[in-house]
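Every read-out reported here was derived from the displayed coordinates using simple, explicitly stated rules and does not represent laboratory data. Given the structure is predicted, the values throughout are model-derived calculations rather than measurements. Cβ coordinates were reconstructed from backbone atoms using ideal geometry, including for glycine residues, and neighbour counts include every protein chain displayed.
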Amino acid sequence: MIVSKLPEADLKRSYNRVLSTCVGISLLVQVLLFVFLRNFDVRISAKTQKPVIIQLEQIPETRQERRPPPATRPVVPIASDNAKVSDETTIETTDIDVGLDDLAPPPVLEERVVEKKAEIVEEEEPVEIWKVEKQPEVLKQVKPDYPEIARKAGIEGRVTVNALVGKNGKVEKLGDIVGAEVFHEAAKAAALQWEFTPAIQNDRPVKVWVAIPFNFTFRD
């Protein structure tokens, strides 16, 4: 059995006719638009804004006016409980001379301005020993006394005392002490007597911390 399409459902038969009809209609529309809209003028309308006018008003300078002093208040009569005093009685002003005209005026107090000059002592911070250009050198050494209690106990050891050397080369104060505690006091007493050359930084003496070692042995 051969299956075939109905003539109404076969689009290929009417394709050329429909295409020709559509192309003709579109060309006709284009021609009509060209003929009737040939002089079409497109105008761009821009919305104009009114200029803003700023008016500067001259404000008058304000002045502070001094008010006149208040008027003196009228004297109000005061009622008296005494029946013998009439209502028309007034108190008259009296000039009493108490003899104050001969007195000398008080002395003028002299204003004394006391200027206190506060002495501001700026504590200069010590400089690290490795930052100085010239480190301090020992000028005077003092050997510590051997503690009797350590000698009897047969104790030997090494003690290091951190000392702050001032600009004059003398020990100003002591810091940490490392070593056996039995030797601390003897090491401190000896370290305070040491003297050095001042440490130099930027061609001027500065304070530095130095470590002073002490050896406590029976051979010394």
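So, of the residues in segment 178-196 that are surrounded by fewer than 18 Cβ atoms within 10 Å (Cβ to Cβ) and touching a Lys or Arg at 6+ places or on another chain (Cβ under 8 Å), which turns out to be farthest from Asp145 (Cα to Cα)?
Step by step, filter segment 178-196, then rank; the result is Glu195.
I need every pair where a residue in segment 153-170 that is touching a residue at least 24 places away in the same chain (Cβ under 8 Å) and acidic (Asp, Glu) has its Cβ under 6 Å from the Cβ of a residue that is part of a strand (DSSP E or B) and surrounded by 15 or more Cβ atoms within 10 Å (Cβ to Cβ), sequence separation at least 6 or different chains.
Glu156/Phe216
Kindly evaluate Val161 against the criterion of being touching a helix residue (DSSP H, G or I) at 6+ places or on another chain (Cβ under 6 Å) and at negative phi. Step through it out loud before you land on a result.
Details: touching a helix residue (DSSP H, G or I) at 6+ places or on another chain (Cβ under 6 Å): yes; at negative phi: yes.
Yes; evaluated as a whole, the condition is true for this residue.
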